[in-house]
Amino acid sequence: MSQARALYRVQEFELAVIERTKRIKEIKTLLEDNDIVQEAQQDFDLTQASLEDASKAFKDIELQIEAVVTKQKATESRLYSGNVKNPKELQDMQNEVESLNRRRETLDDKLLEAMVARDDAQATFDEAQATLQEITTDWEAEHQDLLDEKQTLTVEAEKLMQDRKAAVKVVEPSAMKIYNSLRTSKANRPVAQVEGKTCTACGIEQNNTIIGVLNQGNSLVYCQNCGRILVR
Ligand SMILES: [Zn+2]
């Protein structure tokens with residue numbers, strides 16, 4: 001195998017590792033981002049608080065009605081017991097029963113309004129709960145897929161690193177030194193394939209001298225334009 005070909009194999013393994021490392025980094029960012037779940041949780045918390053308020057308001061009115069009914073019954077019981085003879089006192093009691101009746105009617109209206117408000121709050125809460133559950137389930141499923149993908153990529157990257165190590169062994173130290181010196185400036189692609197007479201990295205046709213040296217395959221030859229190590 002020519003040194004250029006050996007370097008090209010090293011480059012292929014390195015690019016495959018870089019690709020996987022990049023995706024692993026992306027996945028780590030995705031796993032940290034659960035804003036959508038947090039937003040749904042906040043919505044749920046708000047609707048839950050509203051529902052509690054509405055339920056409490058309804059319950060309060062129920063208790064007020066209960067108190068009015070109790071008082072009304074007690075007054076009526078005294079009124080019709082026959083024990084009270086004083087006309088003034090009887091009239092007062094009669095007035096009180098009527099006043100309690102009016103109070104109860106008002107409370108009944110309020111109770112109806114409170115019931116509608118509570119039912120609305122319940123419906124909003126149910127919706128927020130369903131949304132939260134759906135988003136959480138989706139996120140966890142996606143989370144699991146991403147974890148699985150990350151695991152697979154990590155194993156692949158380790159294997160590719162081993163392959164690279166083996167590929168480096170057949171490269172002469174001097175050639176490796178040149179390759180390493182070009183790696184940064186050539187964006188991790190110091191080696192370029194030639195198709196016909198053209199460098200596939202920059203698209204420039206090479207002169208016959210370069211092509212002649214390349215075809216002999218004995219020494220490293222560089223693209224006359226981009227300076228990359230050329231390989232067939
Ligand atoms: Zn080139």
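No lab work stands behind these numbers, since they all come straight from the coordinates. All values reported here derive from a predicted model rather than from experimental measurement. All Cβ positions, glycine included, derive from the backbone under ideal geometry; neighbour counts span all protein chains shown.
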**Asked** Once fully extended, how much extra length lies between W139 and K110, figured as 0.36 nm per residue of separation less the alpha-carbon to alpha-carbon distance?
**Response** 6.2 nm
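Can you tell me the FRET efficiency between N95 and D119 if r is taken as the Cβ-Cβ distance and R0 is 30 Å, rounded to the nearest 0.05? Intermediate values should be presented prior to the final figure.
Working: r = 37 Å, r/R0 = 1.22.
So, using R0 = 30 Å, E works out to roughly 0.25.
Cβ under 9 Å from A201's Cβ, A201 left aside: what net charge do those residues give with Lys, Arg +1 and Asp, Glu -1?
Values: positive: K186, R189, R228; negative: none.
Neighbourhood net charge equals +3.
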**Rg(Cα) / (2.2 N^0.38 Å) computed for segment 173-231, rounded to two decimals** = 1.05
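Could you work out the local net charge near R228, counting Lys and Arg as +1, Asp and Glu as -1, over the other residues with Cβ closer than 12 Å to its Cβ? Kindly include the intermediate steps, with their values, before the conclusion.
On the way: positive: R183, K186, R189; negative: none.
Residues near R228 contribute +3 overall.
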**Request:** Could you rank the peptides 205-212, 7-14, 128-135 by their average count of other C-beta atoms within 10 Å per residue, with the highest value first?
**Result:** 7-14, 128-135, 205-212
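Are there any trypsin sites (Lys or Arg not before Pro) in segment 85-185 that are in a DSSP loop and have at most 15 other Cβ atoms within 10 Å? List them by number. Please list the in-between numbers first.
Numbers: sites: K85, K88, R102, R103, R104, K110, R118, K150, K159, R164, K165, K169, K177, R183; in loops: K85.
Answer by residue number: K85.
Return V97, V191 ranked ascending by Cβ neighbour count within 10 Å, so the fewest neighbours appear first.
On the way: V97 16, V191 24.
By the 10 Å Cβ count, ascending, the order reads V97, V191.
Could you list K22, K71 so that the one with the fewest beta carbons within 10 Å of its beta carbon is first and the one with the most is last? If you can, show how the numbers build up before the last one.
Working: K22 11, K71 15.
Fewest-to-most ranking of K22, K71: K22, K71.
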**Prompt:** Hey, which of these cross-link pairs are over 27 Å Cα-Cα: K22/K197; K25/K165; K73/K110; K22/K159; K59/K88; K28/K169?
**Reply:** K22/K197; K59/K88; K28/K169
**Fill in**
Around A6 (Cβ within 14 Å, Cβ-to-Cβ, excluding A6; K/R +1, D/E -1) the net charge comes to +3
**Prompt:** When the Debye formula is applied to the Cα atoms of the chain, each taken as the same point scatterer, what base-10 log of I(q)/I(0) results at q = 0.14, 0.16, 0.17, 0.18 Å⁻¹?
**Reply:** -0.96, -1.07, -1.13, -1.18
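Taking 25 Å as R0, compute the FRET efficiency from the Cβ-Cβ separation of V37 and K159 and round it to 0.05. Walk me through the numbers on the way to the answer.
Values: r = 34 Å, r/R0 = 1.37.
E between V37 and K159, to the nearest 0.05, is 0.15.
Report the calculated FRET efficiency for L15 and T209 (r = Cβ-Cβ distance, R0 = 30 Å), to the nearest 0.05.
Numbers: r = 29 Å, r/R0 = 0.98.
For R0 = 30 Å, the calculated efficiency reads 0.55.
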**Complete:** Contour minus Cα-Cα span, T131 to N188, at 0.36 nm per residue, comes to 15.9 nm
**Request:** Quote the relative contact order of the chain in percent (integer), defining contacts as alpha-carbon pairs under 8 Å separated by 6+ residues.
**Result:** 35 percent
